[in-house]
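Chemist: Quick one: the structure is below, and I'll ask about it shortly.
The values are calculated or read from the model by the stated rules, or taken from the named source; none is laboratory data. What you see is a predicted model, and the numbers here were worked out from it, not measured in a lab. Neighbour counts run over all protein chains shown; Cβ positions are idealised from the backbone, glycine included.
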Amino acid sequence: MNITRYARVAAILIALSGFTSLPAHAAESKDMIQLQQQVQDLQNAIAKLQQSNDERMGVLKDLVQQTADSVNKMSVVVNGLQLRMQNVQDASSTKNDQLSGQIQSLHDSLDELKARMGRMEKSLNDIQSQQASTNAILNNLPGNSPVIPAVGQPLPAPGASSTVPPGSVLPAHQAAPLGVAVGDLYKSAFADYIANKYPLAASEFNNIITTYPDDNLAGNAYFYLGEIDMKGQKLTSAVKNYDLVLERYPDNAKIPSAHLHKGEALIAMKNADAGSRELHTLIQRFPNSPEAAQARTRLAALPAHK
């Protein structure tokens with residue numbers, strides 16, 4: 001080390017200085033012995049200092065090595081944690097993708113189910129229309145005169161059949177003859193509605209309401225009058241008809257649909273706040289109904305809900 005080298009040089013210089021002074025000052029041997037002893041003491045002190053430094057360097061090397069080992073261990077732990085976090089993130093991302101796929105699959109299944117229900121409803125309506133047409137043919141057979149004559153024709157004699165063929169027209173807003181079953185009137189009106197004969201169907205629905213205002217089918221009649229108004233873009237009139245269903249026939253099966261279509265009519269009238277309240281009312285009253293699901297979708301599409 002540098003300290004040992006410097007010490008040796010110092011000892012040699014001291015010795016040389018002692019030797020050169022002998023001739024000049026005729027130093028005695030005792031002085032030489034003392035000088036040698038001093039040099040020896042200096043060498044011993046330097047050796048101890050070197051040993052102490054070597055020991056300290058050894059301790060320092062051990063500390064450095066321990067620190068390096070600790071850093072390496074910590075690095076391994078950190079890498080392990082990072083790997084675990086990455087695995088958790090990957091697993092979470094995979095689960096989210098799976099959940100999104102399942103939700104999309106449910107939406108697709110729901111859309112398919114709705115389409116099937118629509119086809120089933122159309123088939124049922126076709127059957128009802130065919131049945132109504134069959135009844136009309138049967139009523140036109142000899143000996144079976146229809147109860148509801150065309151406008152301007154005389155009423156049938158008491159005791160005649162009460163079946164109402166599709167297409168038979170009563171004067172608008174005029175009550176049907178007593179003895180005509182409300183179900184027959186409704187079948188005829190509904191068959192004309194399905195056949196897109198809206199003016200005729202509206203007249204027949206109004207006759208049901210006039211003749212049987214307290215019957216639950218009168219609530220259906222108001223609902224389909226609202227539907228006819230919607231198709232004709234008579235939104236204000238449609239809302240009034242839906243309100244009549246909601247207010248007068250609280251047990252009617254068309255209540256959820258009346259809420260839904262009233263809300264859509266209000267939104268179409270640029271009254272989004274009122275339409276939104278109507279849809280929220282539907283969801284609150286019938287949370288598990290198909291109409292409530294449609295209302296949630298409609299609400300999500302409104303600008304205020306995005």
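A quick yes/no check of all residues on (1) assigned to a helix (DSSP H, G or I); (2) loosely packed, with under 10 Cβ neighbours inside 10 Å; (3) modelled with pLDDT under 65; (4) hydroxyl-bearing (Ser, Thr, Tyr):
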site: Ala24; (1), (2), (3), (4): yes, yes, yes, no
site: Met32; (1), (2), (3), (4): yes, no, no, no
site: Leu35; (1), (2), (3), (4): yes, no, no, no
site: Gln38; (1), (2), (3), (4): yes, no, no, no
site: Gln51; (1), (2), (3), (4): yes, no, no, no
site: Gln66; (1), (2), (3), (4): yes, no, no, no
site: Val78; (1), (2), (3), (4): yes, no, no, no
site: Gly101; (1), (2), (3), (4): yes, no, yes, no
site: His107; (1), (2), (3), (4): yes, no, yes, no
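Chemist: Do any helices (runs of 4 or more DSSP H) lying entirely in the range 219-306 carry at least 3 residues that are among the β-branched types (Val, Ile, Thr), and which ones are they?
Modeler: Filter on the range 219-306 gives 235-248.
Chemist: Only one of (1) touching a helix residue (DSSP H, G or I) at 6+ places or on another chain (Cβ under 7 Å); (2) modelled with pLDDT under 95; (3) within 27 Å of Thr210 (Cβ to Cβ) is not met by Ala253, so which one is it?
Modeler: (1)
Chemist: Still on this structure, I have one more. Return yes or no: is Thr211 among the polar types (S, T, N, Q), free of Cβ contacts under 8 Å to residues at least 60 places away in the same chain and either buried (at least 21 other Cβ atoms within 10 Å of the Cβ) or closer than 30 Å to Leu185 by Cα (or both)?
Modeler: Yes; evaluated as a whole, the condition is true for this residue.
Chemist: Kindly check whether there is at least one residue in the range 282-290 that is touching a residue at least 60 places away in the same chain (Cβ under 8 Å) and under 20 Å from the mean Cα position of the chain (by Cα).
Modeler: There is at least one residue in the range 282-290 that is touching a residue at least 60 places away in the same chain (Cβ under 8 Å) and under 20 Å from the mean Cα position of the chain (by Cα).
Chemist: Related question: Considering only the range 82-98, I want to know if a residue exists there that is of a type in the set (D, E, K, R), under 30 Å from Ala293 (Cα atoms) and either in a helix (DSSP H, G or I) or modelled with pLDDT under 85 (or both).
Modeler: Yes, the conditions are met somewhere in the range 82-98.
Chemist: Determine whether Gln233 is at positive phi and of a type in the set (S, T, N, Q).
Modeler: Yes, satisfied.
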